[in-house]
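Below is one structure, written out as structure tokens; comments come after it.
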Amino acid sequence: MHDLRPPPRKGRRRRRWAALSFLSLFVGTASATAPATLERAVQANFLFKFAPFVEWPPEAFATSERAFVICVVGDDPFGALLNDVVRGQKMANRPVVVRRAVGDPAPPGCHILFAGPSADAGYAPFTAAEGKPVLTVADKGAGPAGAMIEFVRQNGRVRFQIDDGAARAHGLRISSKLLGLAIAVDRK
């Protein structure tokens with residue numbers, strides 16, 4: 001049988017004080033970091049969610065690599081967020097993995113290449129993906145130019161624009177459903 005009496009007043013007061021102290025600490029720090037963290041979490045989710053709406057040519061999976069690979073080059077804005085998003089996920093019956101590169105060239109075998117900003121003057125992250133079936137993504141406000149999909153902020157929300165012509169030139173076909181969600185589509 002359970003005791004349904006309330007705990008002694010002294011214990012309740014301590015717990016209430018501890019809860020209020022913790023909450024005030026959390027609210028004080030969350031208000032400064034939440035928007036940026038939330039934005040990055042949304043972008044990390046988009047990176048993974050883009051994949052089912054893109055058709056890669058068979059040669060994109062012709063290597064012995066058994067995984068679907070999302071690569072991050074330049075400054076990594078995601079940290080553990082992207083790893084958390086893809087943990088345990090599959091794409092095209094392949095486990096999804098994240099690879100990061102400190103230097104300019106992307107690791108081999110990338111299916112999606114996200115390029116963060118870099119202080120390197122000669123930074124050209126999409127050169128390694130040139131002519132290959134690699135979906136390139138960047139943050140228009142902070143990343144390099146020339147990505148097939150660029151994240152933009154519109155009315156306080158993370159949105160994206162698509163260069164469908166560049167994707168097709170690399171052998172990728174982007175679904176009309178994803179194109180319909182973009183705020184702008186370049187079809188050249």
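The values are calculated or read from the model by the stated rules, or taken from the named source; none is laboratory data. Here the structure is a predicted model, which is why all the values come from computation and not from measurement. Cβ: placed from backbone, ideal geometry, glycine included. Neighbour counts: every protein chain shown. These area figures cover heavy atoms from the full protein model, side chains too; ligands, DNA and RNA do not enter into them. Shrake-Rupley method; radii C 1.70, N 1.55, O 1.52, S 1.80 Å.
Quick one: with all protein chains in place, what share of the accessible area of the stretch 87-187 is carbon or sulfur, to the nearest percent (1.4 Å probe)?
Using a 1.4 Å probe with all protein chains present, the stretch 87-187 comes out at 50 percent carbon and sulfur.
Near K140: Cβ cut-off under 12 Å, other residues only, Lys/Arg at +1 and Asp/Glu at -1. The net charge is -1.
Taking 20 Å as the straight-line reach from the Cα of K177, the lysines in range (excluding those fewer than 8 positions away in the same chain) are K49, K188. With Cα atoms defining each centre, the stretch 38-56 and the stretch 127-188 are spaced 11 Å apart in the structure. Computing FRET efficiency as 1/(1 + (r/R0)^6) for N83 and R157, where r is the C-beta to C-beta distance and R0 is 22 Å, gives about 0.35.
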